[in-house]
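Taking it in order: structure first as C-alpha cells, then the write-up.
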2 protein chains.
Amino acid sequence: MVKLSTRYLEKFITEKDINSFQKKLTTAHFELHSNDIGGKGWLNLPANISSEELLKIKSAAQRINSSSDVLIVIGIGGSYLGARAGIEFLRSLNYNYFLKTKIFFIGNSLSSADIFELLKFCESKDVSINVVSKSGGTIECAVAFRIFRRFLEKKYGKEKSRERIYCTTDPTKGLLKKMACEEGYETFEIPPDVGGRYSVLSAVGLLPLSVAGADVNEILHGASDAMNTFNSLEISKNDCYKYSVLRNILYSKGKAVEILASYESRLKYLLEWWKQLFGESEGKCKKGIFPSSLVFTSDLHSMGQFMQDGNPIFFETIITVLNDPYKILVPHDSLNVDKLNYLVGKTVGYINSQAFLATADAHTYAEVPNIHLQIDDTNEYELGYLIYFFQKSCAISGYMLGVNPFDQPGVEAYKRNMFKLLGRPEDT
Amino acid sequence: MVKLSTRYLEKFITEKDINSFQKKLTTAHFELHSNDIGGKGWLNLPANISSEELLKIKSAAQRINSSSDVLIVIGIGGSYLGARAGIEFLRSLNYNYFLKTKIFFIGNSLSSADIFELLKFCESKDVSINVVSKSGGTIECAVAFRIFRRFLEKKYGKEKSRERIYCTTDPTKGLLKKMACEEGYETFEIPPDVGGRYSVLSAVGLLPLSVAGADVNEILHGASDAMNTFNSLEISKNDCYKYSVLRNILYSKGKAVEILASYESRLKYLLEWWKQLFGESEGKCKKGIFPSSLVFTSDLHSMGQFMQDGNPIFFETIITVLNDPYKILVPHDSLNVDKLNYLVGKTVGYINSQAFLATADAHTYAEVPNIHLQIDDTNEYELGYLIYFFQKSCAISGYMLGVNPFDQPGVEAYKRNMFKLLGRPEDT
C-alpha cells in the first residue's frame, strides 16, 4: 500500500490550494475514464490480462530457468525500464549475483562496448533471448536482436535457437510479429491500447520478472487492489489523486523540477521508470515538471548541499519503506574509537528512518516542499500497487496540466534526422 | 583530451555574450590561483602526489589482488563516487564480472538490505577492506566499517584481519587515523587541503582504481597534461574555462538545469561524480545550476520527449567518445524482415555517432542549447584529463557565480537533526 503524508507541506500548500484543484481533478478523472482516445488499456490491465497469457509467461519462465544461464532482454524505454525496476525492487541492484539465470538488458543503447562485453560474457553460457518491441522497428532493439540472434544461431544452429527466442510484441502487426510468425518464435502480447511506458504489467514486465523468480500473481494482486482503491473524487480520500494535485499545485507555484528520492538503493530503477512515465507523459507543449531522481542517504552526500542551500526550483517526493526484515544491528566495540557505541542495539534500518525524519525537517526548514510516500515492503504486492499508483497519478496529472498523457510526438524528431543521416530507404 | 565544440550554440550565445564574461573569468582565475582560502590542494595534486605514496598504492593493490576475491570500499560522496566512476569509465558498469578481485562499494547508504546482501555474498570469499573517510565520523561509513570489520575479525581473527584493512584518511587527525594507528592498519593520505569531491586523484580514487587494474600513472599523466593546458585567460584558447563561461551564460539566460549526457553507458558514474562536483560546489546562496544526468540513446526513450517539447528550463552538455575499438558490425540477413540490411557493414559505433548528430540537431531546433565535449577514448589518460577538466571548470564556474566552490555548509543541517534524533552524546 502507498500512504501519502502531507506533514512536510503545511508551509507550502493550503487547504484552499487543494480545493481550488477539485474541478480540474474531476474533469481529469472523467477524461481518463472516457473512451475518447487510445492508450488507456493499462487502466484495467491488472484485471484484463488473461489467465492463458499468465500461464504462458510462467511456463516460458520455467523453460528459460531450466535451459539458460543467461536471459538477454532486448528492449529500450518502456520495453525494459519496468522489468528492470521490478527485478531490482524485489531483489537488489546486484540481483544477478544471486540468480541462477542471470538477466541482462541490452538493445537499450547504441554502445558497441556494451554489446561486445555481453557477447564475451555469454561465450561459454547457455542463453535465451526475450526481445520486447511493439513494432520491431526501434533501431537500438532491432540491431541488438540481429547480433544476438546471430550469436544464438552460431551456438545452437538455426533450428534449436528458435526455442530460445521469446518475442513480446503487438499481437497482430509490426516487423517483430511478422518475424516471429515466420521463424516460429513464441510470442507474448503488448496490448495495442497500452503504450510502452504503461506496459510493465503486461508480458513486457511480467516475463523477465517471472524469470527472476517473482510471483507475478501477487504483482497483479497489488495492482488490482490499487485499481479498485483509487477512484474516489474526494482528494482527501484518494492518495493517488492527491499526489497528482499536490505536484500540480507546486508546479503552479514555480517549482519546475521534481526530485523523486528513495532511502533504499533497490528502488533506483523504479525511479528511472518513473522518470520516463512522468517525463514522457507531461513533457510537451513547453510544459511539464522536469523529473529527476536521487537515492538517499547516498546522494545527500552529493546533492544535499544543493538541496539545502541551492537554487530552490524543485520539490521532493520521498519514498520510504516501512518494514526492515534484515535487522542488521550496530555491533558493540569496547574500544569505541569511532564513538558509535551510543548506537549499539539499534538497527541500520532504524538509523535510516531517523535520517529520513532529519532530512525532511532540514529541507522543509530550507523552504523545500516534501511529499512523503510510504510503502510497507519491497515485495510483489507492493510493487504492483506502487506501479499502478504512479501510472494513474501520472495520467491524472497530465490531464490536469492540459496535455495528452498517452502520446509522445516529440521523440520522433531525432529519429527522423537519424534515419536520414543513416540513409534508410524510403519504404522502410 | 577534451575538445569543446560550440557548433550547437550559435543560436543561443553570441561572441558578445562570451566577451562580456571575460572580466569575471579573469577575476575567477586569479581568485582560484591565489592562496586566500583552503581546499585548493587538488590544483597541483597530479604533480604533487609523492612517488612514495604511488608505490604504496600499487603495492597494496597487488597484495589485495593476490589475497582477496573481494575488495569492499567503504565511503560515501567524494569518498567513493570518483573511484567508482573511474572503474566504470575504464571497464564498464558490469566490471565485476571481469575482475578477479571484485570491488563493491558500501557504507554509502543506510540501507540494511545492501549490507545484508554484501555480507551474504562475502561469506565464502576472501575479503579486504578499503575504508575512505577524511574524519572517520561520517555515520554511513563508520557503521559499515564496524560491521565489516567485525565480519573480517570473525573470519580471520583480529590479528590477521589487520592486514586486510586499508585506511584512506587525513594524514594526522580524525577518528579513522586514530583507529588506524592503534590497530596498525596501513594508511593512505587524503591531503588536508583537498575536499572530498576534488579527491579522486589522491589515494581515494587511485587505490580502488589500481585494484581494478588501472594504470594510475597514466591517469595522473592525463591530469597533469590538463593541469598544464588550461591556464590561458583567452576564452577561445581554453576549453576548460570556455565550458565554465558558456554554462554561466546559459544560466544567466534562464537555463536553471544542466543535463550532462553521454552516449556511452560506462560514463554513467562519471556523470554521478560530476553531479556532486558541480552541485555541491555551486548550490549555495539560493544559486546554482541544478545538475542532472542522462545516458543516451537509452534515455532518449524516456526523457527524449521532455527534452524535445517540454518545459525548456535546461541546457545539455553532451560527452561523446571518438574512438570505437570494438567495431561491432551489423550482420547481413538474407530475409531482412527487420529491414536493417541498409546498415550492413556499418558499425554500431557509427550508428551511435549518427544518433548524436541527429539528436543535437533535433534538440537545437527545439531551442535547447547543446555544449559538445568530445574525448578520444575511455582509457586512463583520458580519464585523468577529463577529471581535471571538470574540476577546474567547476572551480572557475563557482567563482564566476559568486560562491565559494570549496565549502559545503548546507550538508550539516540534516546531520545535526539526525544526531539529535539518534541521541548522540554531546562530546562526540
Any idea of residue A:237's accessible area? Nearest 10 Å², probe 1.4 Å. 140
Express as a percent, rounded to the nearest 5, the fraction of DSSP beta bridges in the protein assembly as shown (both residues included) that run antiparallel. 10
How big a patch of accessible area, both sides summed and in Å² to the nearest 100, lies buried between A and B at a 1.4 Å probe? 10800
Tell me which of B:156, B:1, B:71 sits at the most positive position along the dipole axis of chain B, charges placed on C-beta atoms (Lys, Arg +1; Asp, Glu -1). B:156
When the charge dipole of the stretch A:41-214 is computed with +1 on Lys and Arg Cβ and -1 on Asp and Glu Cβ about the Cα centre, the Cα farthest towards its positive end, among A:57, A:124, A:172, belongs to A:124
Just checking the output field for B:343-355: average partner chain Cβ neighbours within 10 Å of each residue's Cβ? 5
With a 1.4 Å probe and every protein chain left in place, work out the accessible area per residue of the stretch B:285-336 in Å², rounded to a whole number. 31
Indicate the residues belonging to the stretch A:327-341 that lose 50 Å² or more of solvent-accessible heavy-atom surface (probe 1.4 Å) upon moving from the chain alone to the assembly of all protein chains, ignoring ligands and nucleic acids. A:328, A:331, A:337, A:338, A:339, A:340
Regression test value, accessible area per residue of the stretch B:41-214, probe 1.4 Å, units Å², expected 32
For the stretch B:95-162, with the dipole built from +1 on Lys and Arg beta-carbon atoms and -1 on Asp and Glu ones, taken about the Cα centre, which of B:109, B:96, B:136 lies farthest toward the positive end? B:136
With N set to the residue count of the protein assembly as shown, report its C-alpha Rg divided by 2.2 N^0.38 Å to two decimal places. 0.91
Mean Cα-pair separation over length for chain A, i.e. relative contact order, pairs under 8 Å, 6 or more apart, %: 24
How crowded by other chains is B:257-263, given as the mean number of beta carbons from other chains within 10 Å of each beta carbon? 2
Rounded to the nearest 10 degrees, the helix B:22-32 long axis (Cα) sits at an angle to the longest Cα principal axis of chain B of 10
When only C-alpha pairs under 8 Å and at least 6 residues apart count, what is the relative contact order of the stretch B:324-428, in percent? 14
Compute a Gaussian network model of chain B, connecting alpha carbons closer than 10 Å, and tell me which residue from B:262, B:161, B:128 fluctuates the most. B:161
Other residues with Cβ under 10 Å from the Cβ of residue B:405 give, with Lys and Arg +1 and Asp and Glu -1, a net charge of -1
Rounded to the nearest 500, the 222 nm mean residue ellipticity computed for the protein assembly as shown from DSSP H runs (n ≥ 4, each -39500 (n - 2.57)) alone is -14500 deg cm²/dmol
I need the shape label for the stretch B:319-368. Rule: rounded when a/c is under 1.5, else prolate if a/b > b/c, else oblate, with a, b, c from the alpha carbon gyration tensor. oblate
What's the center-to-center distance, using Cα atoms, between the stretch B:148-164 and the stretch A:361-388 in Å? 38
Projected onto their principal axes, the Cα atoms of the stretch B:219-358 stretch, largest extent first, over whole-Å spans of 62, 41, 27
Report, in debye and to the nearest 20, how large the dipole of the stretch A:294-428 comes out about its Cα centre when Lys and Arg carry +1 and Asp and Glu carry -1 on their Cβ. 260
Among the GluC sites (Glu not before Pro) in the stretch B:63-145, which ones are in a DSSP loop with at most 13 other Cβ atoms within 10 Å of the Cβ? Mind listing them? B:123
Share antiparallel - DSSP beta bridges, the stretch A:41-214, percent rounded to 5: 0
Counting only protein heavy atoms and a 1.4 Å probe, tell me what percentage of the stretch B:208-251's accessible area is made up of carbon and sulfur. 45
Taking the stretch B:41-214 and dividing mean pair separation by its residue count, relative contact order in percent (alpha carbons under 8 Å, at least six apart): 33
What is the spin-label model distance, in nm, from residue A:323 to residue A:420 if the labels are put 7 Å beyond Cα along the C-beta direction? 5.6
Calculate the dipole size of the stretch A:205-267 relative to its Cα centre from +1 charges on Lys and Arg beta carbons and -1 charges on Asp and Glu beta carbons; express the result in debye to the nearest 20. 420
State the residue of chain A whose Cβ is nearest the axis carrying A onto B, and the distance in whole angstrom. A:292, 3
Listed residues B:50, B:124, B:265; largest mean-square fluctuation, Gaussian network over chain B with Cα springs below 10 Å, found at B:124
The equivalent-ellipsoid semi-axes of the stretch A:96-255, taken as the square roots of five times the Cα gyration tensor eigenvalues and listed largest first in whole Å, are 37, 18, 17
To the nearest 0.05, what FRET efficiency results for residue A:365 and residue B:252 with a Förster distance of 22 Å applied to their C-beta separation? 0.15
Of every hundred units of 1.4 Å-probe accessible area on the stretch A:1-50, the number belonging to carbon and sulfur atoms, as a percent, is 52
Label 7 Å along Cα→Cβ of residue B:163; the stretch B:112-140 residues with amide nitrogen under 18 Å? B:125-130
When Cβ neighbours within 10 Å are restricted to other protein chains, what is their mean count per residue of peptide B:284-290? 6
For chain B, percent of DSSP beta bridges that are antiparallel (nearest 5) comes out at 10
Taking the Cα centre of chain A as the origin, how large is its charge dipole in debye, to the nearest 20, when only Lys and Arg (+1) and Asp and Glu (-1) carry charge on their Cβ atoms? 860
Is the shape of chain A best called rounded, prolate or oblate, per the rule: a/c under 1.5 gives rounded, else a/b larger than b/c gives prolate, else oblate, with a ≥ b ≥ c the square roots of the Cα gyration tensor eigenvalues? oblate
Cβ under 14 Å from residue A:149's Cβ, residue A:149 left aside: what net charge do those residues give with Lys, Arg +1 and Asp, Glu -1? +1
Cβ neighbours within 10 Å, averaged per peptide: list A:314-320, A:399-405, A:336-342 in order, most packed at the top. A:314-320, A:399-405, A:336-342
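The values are calculated or read from the model by the stated rules, or taken from the named source; none is laboratory data. Note that this is a predicted model, so its numbers are computed, not measured. Ideal geometry is used to build each Cβ from the backbone, glycine not excepted, and the neighbour counts take in all protein chains shown. These accessible areas exclude ligands, DNA and RNA; they are computed on the full protein's heavy atoms, side chains included. Shrake-Rupley method; radii C 1.70, N 1.55, O 1.52, S 1.80 Å.
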